[in-house]
Amino acid sequence: MNDEIKINKKKFAIELTIALVMIGFIVIAMIIKGSQEKAENELADSAKNHSVSINNDELYNNVPPVPPAEYINSLNESDLKAALSENSMIKLETDSGIAVYVNNYRDTERFKAAVSFNESEIDKIIYSEVLSGYCTEEEANHDVAAKNDVVSINYAGTIDGTAFDGGTDEGVLLTIGEGHYIEGFEEGIIGMKVGETKDVPVTFPENYGAAELAGKNAVFKITLNEITGTKNYPEELTDKIADEATGGRYKTAEELRQYYKDQYIGKLVDQFIQGTACVSDIPEDDVIKIYDQQVKYYATQAENQGVSVATLLSFYGQTVDQLKNELMQNAANEVRLGLLYEAMAKDLEITIEDNDYDKLAKDNGYDDIESLYNAVGIDPEYAAKFILRDKVNKELFSMAN
């Protein structure tokens, strides 16, 4: 979830992502090979013990090409035409005439069905995000898996007998019942004996993040390697736990549960709107502007460490060319989303008012918008994009309820 609140016994922290969203600094998950701690220690030693001549020419030279719209779009032309003819997607247009194609949120029945959920999903989130901070773990003395057991498994997933990307792994530790896997996966491990291998059938949700897997039936061949322990959780979320876990932000279990429901609905709305959105064009100037900002961000981070970007990336097993390609891809996708929300705002007749800027500043702890601009390093254009996206999301959230 975009603004998910991370909870433990002592701390209720809200990650402030506004600066990254508005500036377009999409933080790339680097390919970590080996221990991150070791990499950071080596980096610190390198900066401390060596006089480094910082040369970031490689970062600025040979800019990757801006990917065309068809490369960024989630659907190919034939699938898009079929979706439009079925009325499952609709065509919108930005003020500059760029066509935007999005799942049909005007169809109230279709939209509400896409963002519907079972209360058990909220139970799983509370179980994982809140109650897990109040659990104790004891050593396992049994060899048949049960709910709340911490287990080590191998799994290999197939669809119609064919393996798919991300569907195979070994030595995975999970707690049965915490709900980190799709429905049916964890439940399928219950009753297995250590050393046993079992086929577990599952169905990927219709709103699953990977569109190629959404709604598909799959079979996971699971091997139970070991039961490493058993977690003991509180029986339910209480007012006392809600108040303590959130530092008084949510004083009752009902209030905290509603927060997680709102966040979950927001996630489903994002998946519905963003998942298959397509555009007819990607303005190159807009992409390059975001790309340049991201490049400068990484250059600054490296310089603060006293090393070049190439040296910084080497500790994470990544090259400058890999980073540049990822940044360009992310910049193009950010432009795609910007066009999507611009077109939706036009369709929903949503506009920005002068007081929206002051509200944005105050919501993020600043007295006025100029203070926010100076602190975060953004300009009115990026603030406007963020405000517009936020207002569209709120309207969609209202439509979903």
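The values are calculated or read from the model by the stated rules, or taken from the named source; none is laboratory data. As the structure is a prediction and not an experimental result, all values here were calculated from the model. Note that each Cβ is placed from the backbone with ideal geometry, even for glycine, and that neighbours are counted across all protein chains shown.
Assorted remarks:
- Scanning the range 98-115 for residues that are in contact with a helix residue (DSSP H, G or I) (Cβ under 6 Å, 6 or more places away or on another chain) and under 12 Å from ASN207 (Cβ atoms) returns ASN103, ALA114, VAL115.
- Of the residues examined, TYR260 is one that is touching a strand residue (DSSP E or B) at 6+ places or on another chain (Cβ under 9 Å) and part of a helix (DSSP H, G or I).
- Scan of the range 318-328 for residues that are in contact (Cβ under 8 Å) with a residue 60 or more places away in the chain and hydroxyl-bearing (Ser, Thr, Tyr), ordered by number: none
- The number of residues in the range 315-326 being modelled with pLDDT under 90 and either part of a helix (DSSP H, G or I) or among the small types (Gly, Ala, Ser) (or both) comes to 1.
- Entry remark, the range 358-374: residues being assigned to a helix (DSSP H, G or I) and within 26 Å of the chain's Cα centre (by Cα) number 7 in total.
- Qualifying positions in the range 343-355 - in a helix (DSSP H, G or I) and surrounded by fewer than 18 Cβ atoms within 10 Å (Cβ to Cβ): LYS346, ASP347, ASP354, ASN355
- Candidate set: the range 300-312, residues that are in a helix (DSSP H, G or I) and touching a helix residue (DSSP H, G or I) at 6+ places or on another chain (Cβ under 6 Å); chosen: the one farthest from GLY338 (Cα to Cα): GLN305
- Residue in the range 374-383 that is loosely packed, with under 14 Cβ neighbours inside 10 Å, modelled with pLDDT of 95 or more and among the charged types (D, E, K, R) present: no
- Test: residue in the range 298-317 that is of a type outside the set (Lys, Arg), in contact (Cβ under 8 Å) with a residue 40 or more places away in the chain and closer than 30 Å to GLY97 by Cβ: no
So that you can scan it fast, the table gives a plain yes or no per residue for (1) surrounded by fewer than 17 Cβ atoms within 10 Å (Cβ to Cβ); (2) assigned by TED's automatic domain parsing to the domain that holds THR175; (3) not polar (S, T, N, Q):
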position: TYR208; (1), (2), (3): yes, yes, yes
position: GLY215; (1), (2), (3): yes, yes, yes
position: LYS221; (1), (2), (3): yes, yes, yes
position: ALA242; (1), (2), (3): no, no, yes
position: THR246; (1), (2), (3): no, no, no
position: THR252; (1), (2), (3): yes, no, no
position: PHE272; (1), (2), (3): no, no, yes
position: CYS278; (1), (2), (3): no, no, yes
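- One residue from LEU75, LEU92 being at pLDDT 95 or above and either closer than 11 Å to CYS278 by Cα or more than 26 Å from the chain's Cα centre (by Cα) (or both): LEU92
- For the range 117-140, the set of residues classified as hydroxyl-bearing (Ser, Thr, Tyr) and either free of Cβ contacts under 8 Å to residues at least 60 places away in the same chain or within 22 Å of LEU337 (Cα to Cα) (or both) consists of SER120, SER128, listed by residue number.
- ILE290 vs. criteria in a helix (DSSP H, G or I) and on the phi < 0 side of the Ramachandran plot: yes
- Any hit, the range 305-314, residues being buried (at least 20 other Cβ atoms within 10 Å of the Cβ) and at pLDDT 95 or above: no
- Which numbered condition ASP347 fails, given (1) over 24 Å from the mean Cα position of the chain (by Cα); (2) under 26 Å from ASN61 (Cβ atoms): (2)
- Counting only residues that are surrounded by fewer than 17 Cβ atoms within 10 Å (Cβ to Cβ) and over 23 Å from CYS135 (Cβ atoms), the range 183-204 holds 9 of them.
- Answer from GLN294, GLN329 - the residue that is under 30 Å from GLY97 (Cβ atoms) and in contact with a helix residue (DSSP H, G or I) (Cβ under 6 Å, 6 or more places away or on another chain): GLN294
- Cβ-Cβ under 8 Å pairs, at least 6 apart or on other chains, the range 346-357 side under 28 Å from LYS91 (Cβ atoms), far side part of a loop (DSSP other than H, G, I, E, B): LYS346/THR94; LYS346/ASP95
- Selection of the range 156-206 for residues being closer than 24 Å to GLY229 by Cα and either touching a residue at least 60 places away in the same chain (Cβ under 8 Å) or hydrophobic (A, V, I, L, M, F, W, C) (or both) yields ALA156, VAL172, LEU173, LEU174, ILE176, ILE182, PHE185, ILE189, ILE190, MET192, VAL194, VAL200.
- Which numbered condition LEU339 misses (of (1) modelled with pLDDT under 95; (2) under 21 Å from the mean Cα position of the chain (by Cα)): (1)
- The set of residues in the range 215-257 that are closer than 26 Å to THR158 by Cβ and in contact with a helix residue (DSSP H, G or I) (Cβ under 9 Å, 6 or more places away or on another chain) comprises PHE220, ILE222, LEU224.
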